[in-house]
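Data block below; observations after.
The values are calculated or read from the model by the stated rules, or taken from the named source; none is laboratory data. Every value quoted in this text rests on a predicted model; they were computed, and no experiment measured them. Note that each Cβ is placed from the backbone with ideal geometry, even for glycine, and that neighbours are counted across all protein chains shown. Quick note on the areas: whole protein, heavy atoms, side chains included, nothing else; ligands and nucleic acids left out. Shrake-Rupley method; radii C 1.70, N 1.55, O 1.52, S 1.80 Å.
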Amino acid sequence: MIEFKNVSKVYPGDIKAIDDVSITVEHGEFVVLLGPSGCGKTTLLRMVNQLEELTEGEIAVEGNNIQELNKFEMRRNIGYVIQSNGLFPNMTIEDNVMVVPSMLGWTKEEKAERFAYLMNLIGMPPEQYGESFPHELSGGQQQRIGVARALAADPPVMLMDEPFGALDPIIRSRIQEEFLEIQRSLKKTILFVSHDIDEAIKLADKIVLLKDGKVQQFDKPAELLNQPANEFVAEFVGEDSVLKSLSLYTVKDLLEGAPPTEGAAPDASDAIFEETASLRSVLSALLTPSQKNVWLKNNEGRIFGPVSAAQIESFVHRMTVTA
Amino acid sequence: MNSKAVIAWVVKIAFWALIVLFFWWTISNNMFSQLLENPDQFFGLLGRHLQIVLISSTLALLTAVPAGILLTRPKYRKYEWLLVNTANLGQTIPSIAILALAMGFLGIGIQAAILALYVYSLLPILQNTIAGLKSVNPSAKDAALGMGMTPKQILWKIELPMAASSMIAGIRTAIVLNIGTTALAYLIGGGGLGVWIFTGIQLFDNTYLISGAVPVTLLAVSVDQLFRLLQFFLVPKGIRLAQKAAIQSA
Ligand SMILES: Nc1ncnc2c1ncn2[C@@H]1O[C@H](COP(=O)(O)OP(=O)(O)O)[C@@H](O)[C@H]1O
Ligand SMILES: [Mg+2]
């Protein structure tokens with residue numbers, strides 16, 4: 001859990017980067033700090049592990065006021081991932097990942113076991129990559145190692161500053177999904193910086209939208225999209241907020257809400273979406289001129305459809321009213 | 001093989017041919033006679049030469065490396081320009097002038113020579129230490145700090161290993177220059193192999209000149225090679241491989 005109480009930060013030169021922020025990130029919650037460049041996201045994040053000093057207010061991590069903790073010890077208990085991975089080129093991948101456990105005095109066996117676990121978690125075989133060096137890996141692999149390194153000592157809290165920001169869109173999207181999968185099983189308390197609203201909607205349990213160091217809205221993604229608190233939020237989420245909110249729902253949600261009729265056999269050229277696919281991708285398929293019919297398939301293998309754009313429209317209307 | 005590689009080979013072969021020719025010429029004209037006939041005197045001069053080099057460059061190393069580390073710490077960064085410029089001044093003044101100045105302080109003799117060569121060796125080491133430490137990726141340092149490393153741990157485990165290549169190159173340059181410049185120590189009564197070199201010049205006697213100059217050159221070349229070897233062992237494997245990969249992809 002991370003609690004911010006009336007937190008402000010003024011940089012030399014009277015630059016007010018953070019202005020009276022009070023929010024709480026609950027245990028196991030994935031919170032994304034969102035906002036335009038220069039709005040103070042990085043500053044707010046770096047105040048949690050005391051890379052930036054507080055000017056005013058109080059921050060507590062897992063119930064402890066950070067200013068009463070030893071800086072170095074508290075940082076070893078918090079995972080930290082940055083955009084340009086920050087791997088150490090002089091160390092092997094195994095040594096990189098095991099930096100914090102080494103500082104904490106883990107035995108060789110404990111470290112080897114943990115390394116193997118983490119590498120399997122991020123889908124990179126330990127025996128293949130353990131002795132490699134960072135420069136031998138692709139950008140996506142380096143960022144995966146950055147995540148594994150932050151998870152090394154199993155910290156309850158993770159701070160991530162645009163960790164996937166430098167990756168190309170296809171790799172980024174894949175790593176986001178992998179990371180969500182990992183988070184579903186590990187249930188870390190995560191504070192994650194992003195300037196990309198699509199990324200925030202995809203990942204966040206809750207979003208903090210910042211402007212000039214002030215919180216504009218702190219809410220679930222659906223609420224941010226459907227009930228913007230002010231003009232700035234409405235503008236930031238954009239006119240296509242309804243389309244964006246479609247990424248929040250999956251085929252499963254539609255099948256549970258208002259399923260299309262069951263039956264019929266799809267053609268070979270038809271599209272079939274599984275339960276986990278987002279409604280955004282389903283609608284996208286529906287709007288593709290060359291696409292014939294679009295079907296939905298549940299986990300038991302039953303086929304529903306063909307689905308129409310109107311059915312998705314009425315589903316969305318229902319969700320935005322109840323949200 | 002591309003044309004670049006062919007040219008490189010031709011140059012290399014021509015270079016070694018010249019060296020062989022040179023030694024054939026000197027030996028067949030008995031130009032090493034001083035060295036062969038007065039081995040005691042030779043070893044005396046060589047010992048003195050090494051003494052000056054060793055003491056002055058060790059002192060320079062012990063000053064410039066810590067100074068370089070200190071000047072890249074946030075607290076002292078503002079003094080960097082001052083010290084580098086001072087050291088720069090030491091380098092721009094001709095070596096003979098430094099020797100003369102040192103003699104003004106300490107009179108003639110080995111101490112003055114050591115002082116002058118010490119001052120002369122500071123800059124390459126200082127400059128390369130600072131350049132190496134500055135080249136360390138800021139995001140690596142930020143990540144290290146964020147993971148809970150202390151500044152001391154960051155220096156020893158991240159910064160120095162990553163700066164090692166540049167630092168060793170600076171030390172190598174300083175010592176190799178030092179070996180050559182020590183030949184001038186003779187001028188202020190510091191002794192060393194410069195004694196024979198200058199005697200050779202004054203008397204127009206090649207036997208003195210060659211018996212002094214060739215050992216100085218060989219000394220410089222072998223120390224240079226020794227440091228290249230050292231570089232191989234002291235620069236972390238990851239950095240070495242990354243540098244190689246960067247060169248190959250360029
Ligand atoms: N070290 C610093 N010194 C002075 N101003 C800074 C410093 N770091 C950030 N700022 C300023 O604080 C504001 C917020 O910066 P930052 O937290 O990096 O924003 P973001 O991560 O949202 O892009 C910006 O106006 C930036 O210029
Ligand atoms: Mg930022």
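For the stretch A:92-109, putting each phi into the Karplus relation 6.51 cos²θ - 1.76 cosθ + 1.60 with θ = phi - 60° gives couplings of 5, 4, 4, 5, 4, 5, 9, 4, 5, x, 4, 5, 7, x, 5, 6, 4, 5 Hz, in residue order, rounded to whole numbers and with x for Gly and Pro.
Residue by residue, the stretch B:11-25 carries 3J(HN,Hα) couplings of 4, 4, 5, 4, 4, 5, 4, 4, 5, 4, 4, 4, 5, 4, 5 Hz when phi is fed to the Karplus relation 6.51 cos²θ - 1.76 cosθ + 1.60 (θ = phi - 60°); x denotes Gly or Pro.
The DSSP beta bridges internal to chain A are antiparallel in roughly 50% of cases. Net charge within 15 Å of B:F233 by Cβ-Cβ distance, Lys/Arg positive one each and Asp/Glu negative one each, not counting B:F233 itself? Once positives and negatives cancel, what remains is +4.
Mean per-residue shielding of peptide B:227-237 is 1, counting Cβ atoms of other chains within 10 Å of each Cβ.
If I fit a long axis through the Cα atoms of helix A:169-186 and take the longest principal axis of the Cα atoms of chain A, what angle between them do I get, 0 to 90°, rounded to 10? Compared with the principal axis, the helix lies near 70 degrees.
Classify chain A as rounded, prolate or oblate from the Cα gyration tensor: take a ≥ b ≥ c as the square roots of its eigenvalues, call it rounded if a/c is under 1.5, otherwise prolate when a/b beats b/c and oblate if not.
Details: a/c = 2.35, a/b = 1.36, b/c = 1.73.
Judged from the Cα gyration tensor, chain A comes out oblate (a/c at least 1.5, b/c at or above a/b).
Between A:L33 and A:F192, A:V193, A:S194, A:V208, the built amide H atoms are under 5 Å apart, and every one of these is 5 or more places off in sequence or on another chain. The residues A:F4, B:F32, sorted by heavy-atom accessible surface at 1.4 Å with ligands and nucleic acids left out, run B:F32, A:F4 from largest to smallest. Between helix A:309-322 and chain A, what is the angle of the helix's C-alpha long axis to the longest principal axis, kept within 0 to 90° and rounded to the nearest 10? The helix A:309-322 is inclined about 50 degrees to chain A.
In this structure, the pairs whose alpha-carbon distance is over 30 Å, taken from B:K78/B:K141; A:K16/A:K244; A:K16/B:K78; A:K111/A:K206; A:K41/A:K111; A:K71/B:K244, are A:K16/A:K244; A:K111/A:K206; A:K41/A:K111; A:K71/B:K244.
Buried surface for the A/B pair, taken as the accessible area of each chain alone minus that of the pair with a 1.4 Å probe, is close to 1900 Å² in total. For the stretch A:245-322, the relative contact order comes to 35 percent (Cα pairs under 8 Å, sequence separation of at least 6).
Computed over protein heavy atoms with a 1.4 Å probe, the accessible surface of chain A works out to 45 Å² per residue.
Evaluated over the Cα positions of the protein assembly as shown, the convex hull gives a direction-averaged projected area, one quarter of its surface, of 38.3 nm². Packing order of peptides A:62-71, A:220-229, highest average first: A:220-229, A:62-71 (average count of other Cβ atoms within 10 Å over each peptide's residues). Between A:K220 and B:F232, the modelled label-to-label distance comes to 6.5 nm, taking each label 7 Å out from Cα in the direction of the beta carbon. For A:H135, the solvent-accessible surface computed with a 1.4 Å probe is close to 70 Å², ligands and nucleic acids excluded. Between A:M1 and A:Q67, the distance separating the two model label sites (each 7 Å from Cα on the Cα→Cβ line) works out to 2.1 nm.
Other protein chain C-beta atoms within 10 Å of residue C-beta, averaged over B:144-157: 6.
For A:I272, the amide hydrogen comes within under 5 Å of the amide hydrogens of A:W295, counting only partners 5 or more places away or on other chains and with H modelled in the peptide plane.
Under the definition of partner shielding as Cβ atoms of other protein chains within 10 Å of a residue Cβ, what is the mean value for peptide A:124-137?
For peptide A:124-137, the averaged partner shielding equals 2.
For the stretch B:185-196, the Karplus equation 6.51 cos²θ - 1.76 cosθ + 1.60, evaluated at θ = phi - 60°, returns couplings of 4, 3, 4, 10, x, x, x, x, 5, x, 4, 6 Hz by residue, with Gly and Pro reported as x. Its DSSP H runs of at least 4 residues, each contributing -39,500 (n - 2.57), put the calculated 222 nm mean residue ellipticity of chain A at -11000 deg cm²/dmol, to the nearest 500. Rolling a 1.4 angstrom probe over the protein assembly as shown with all protein chains present gives an accessible area of which 60% lies on carbon and sulfur atoms. Note on exposure: B:I108, A:I145 ranked by accessible area (1.4 Å probe, complete protein assembly) read B:I108, A:I145, with the most exposed listed first.
Close amide H partners of A:S132, meaning residues 5 or more places away or on another chain with modelled amide H under 5 Å apart, are A:I93, A:E94. Percent of Cα pairs in the stretch B:33-249 per distance bin of 5 Å, from zero to the largest separation: 1, 7, 13, 16, 16, 13, 11, 8, 6, 5, 2, 1, 0, 0.
Beta-bridge orientation, the protein assembly as shown: approximately 50 percent antiparallel, per DSSP, counting only bridges with both partners inside. Computed extension gain for B:N2 through B:I55, at 0.36 nm per residue and net of the alpha carbon distance, reaches 14.5 nm.
In a shell of Cβ-Cβ distance under 11 Å around B:D142, excluding B:D142 itself, what net charge do Lys and Arg (+1) and Asp and Glu (-1) give? It works out to a net charge of +1. Picking from B:Q243, A:L159, B:I52, whose Cα lies most toward the positive end of the charge dipole for the protein assembly as shown (charges on Cβ: Lys, Arg +1; Asp, Glu -1)? Most positive-ward Cα: B:I52.
In the context of the full protein assembly, B:K75 retains an accessible surface of approximately 150 Å², using a probe radius of 1.4 Å and ignoring ligands and nucleic acids.
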